[in-house]
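The values are calculated or read from the model by the stated rules, or taken from the named source; none is laboratory data. Keep in mind that this is a model prediction, so the values were computed, not measured. Virtual Cβ from ideal backbone geometry, glycine too; neighbours counted across all protein chains shown. Quick note on the areas: whole protein, heavy atoms, side chains included, nothing else; ligands and nucleic acids left out. Shrake-Rupley method; radii C 1.70, N 1.55, O 1.52, S 1.80 Å.
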Amino acid sequence: MSTEHDPGRPPRSAKEYSAPRYYEVAFDLNRKAEVDFLEHCFKRYSRHHVRRVLDIACGTGPHLFRLARRGYRMVGLDLSRDNIAFIHDRAAALGLDFRLHVANMTRFTLPAPVDAAICMQDSQGHLLTNEQILSHLGAVARALKPGGLYIFDRFIPSSWINPARRWSWTRRRGRLTVRATFAALEAVNPVTQVFREDMDFEVVENGAMRRYHQQHLSRMVFPQELKALVALAGEFEFVQWFYGFKPHQVLDRAKHPLMMIVVLRKSA
């Protein structure tokens, strides 16, 4: 297993997740439907057999590990050194071999191209301007083989009127309990489409309690806007989009979608 660092990467920022073990427990959800859907897209839409997959903004690796267990050769990329170190140690304990990179998703390069790339959990939301999105699409295109797929999901607000959303849940693993609260679409700027996200963890481990708080900005992108940016980038052909992780859930048929999952293919 190898870990590479982007020499042009900025210093550690408060925007990075600083508690990957607790984050991994909090988001240890049933991802089977998502991974099944990704495999379906690999088999249906790719121009060639998908073996090597890049997980962009991979976080603590919920999709990275699950795809690896299905036989894919995984490459992980994340801005957070803590996340990459966490994945490295966990993969080593499980006997899995990944190629891991600490890099910015707008200007990374890989030593060898991949067959497909994914970017899940609305991680593209960290790209706050059209210029950053276009730079990101260019970097992904350079990382892909011709005919390779790029699959990502994006959150879509159902209304501009009082759009804020808040979710709370509790996950337990052994003697560790993580109570998580996530708030999105706070303080939306209707011009830039940028809003605030808040993440709070209340962690109880071995009888001791700690609290963690993170706040960062994210940006919403609407479907037709996203399509226009893809066309402007000029590196991909639009394949299909969906509102859920089922092949029949095509976005054009949705009434009040909360997300879009986009499938792009690198032009030959």
>> Go through (1) touching a residue at least 60 places away in the same chain (Cβ under 8 Å); (2) in a loop (DSSP other than H, G, I, E, B); (3) not polar (S, T, N, Q) for Pro163 and report which single condition fails.
In response: (1)
>> Test of understanding: among Thr129, Thr177, Thr170, which residue is under 22 Å from Val194 (Cα atoms), modelled with pLDDT of 95 or more, polar (S, T, N, Q) and over 17 Å from the mean Cα position of the chain (by Cα)?
In response: Thr129
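Here's the yes/no breakdown for (1) on the phi < 0 side of the Ramachandran plot; (2) open to solvent by 10 Å² or more (accessible area, probe 1.4 Å):
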| position | (1), (2) |
| --- | --- |
| Leu54 | yes, no |
| Cys58 | yes, no |
| Gly76 | yes, no |
| Asp82 | yes, yes |
| Ala85 | yes, yes |
| Gly95 | no, yes |
| Asn104 | yes, yes |
>> With the requirement that a residue be under 23 Å from Thr129 (Cβ atoms), without any contact (Cβ under 8 Å) to a residue 40 or more places away in the chain and not in a strand (DSSP E or B), what does segment 193-223 give you?
In response: Gln193
> Could you list, in sequence order, the residues of segment 244-260 that are touching a residue at least 60 places away in the same chain (Cβ under 8 Å) and either of a type in the set (Ser, Thr, Tyr) or more than 14 Å from Pro157 (Cα to Cα) (or both)?
Replying inline: Phe245, Lys246, Pro247
>> Given the criterion outside any strand (DSSP E or B), under 23 Å from Ser267 (Cα atoms) and open to solvent by less than 60 Å² (accessible area, probe 1.4 Å), identify the matching residue among Leu226, Leu149.
In response: Leu226
> Which one of these is free of Cβ contacts under 8 Å to residues at least 60 places away in the same chain, assigned to a helix (DSSP H, G or I) and among the acidic types (Asp, Glu): Asp89, Asp82?
Replying inline: Asp89
> If you scan segment 229-268, which residues turn out to be polar (S, T, N, Q) and surrounded by fewer than 13 Cβ atoms within 10 Å (Cβ to Cβ)?
Replying inline: Ser267
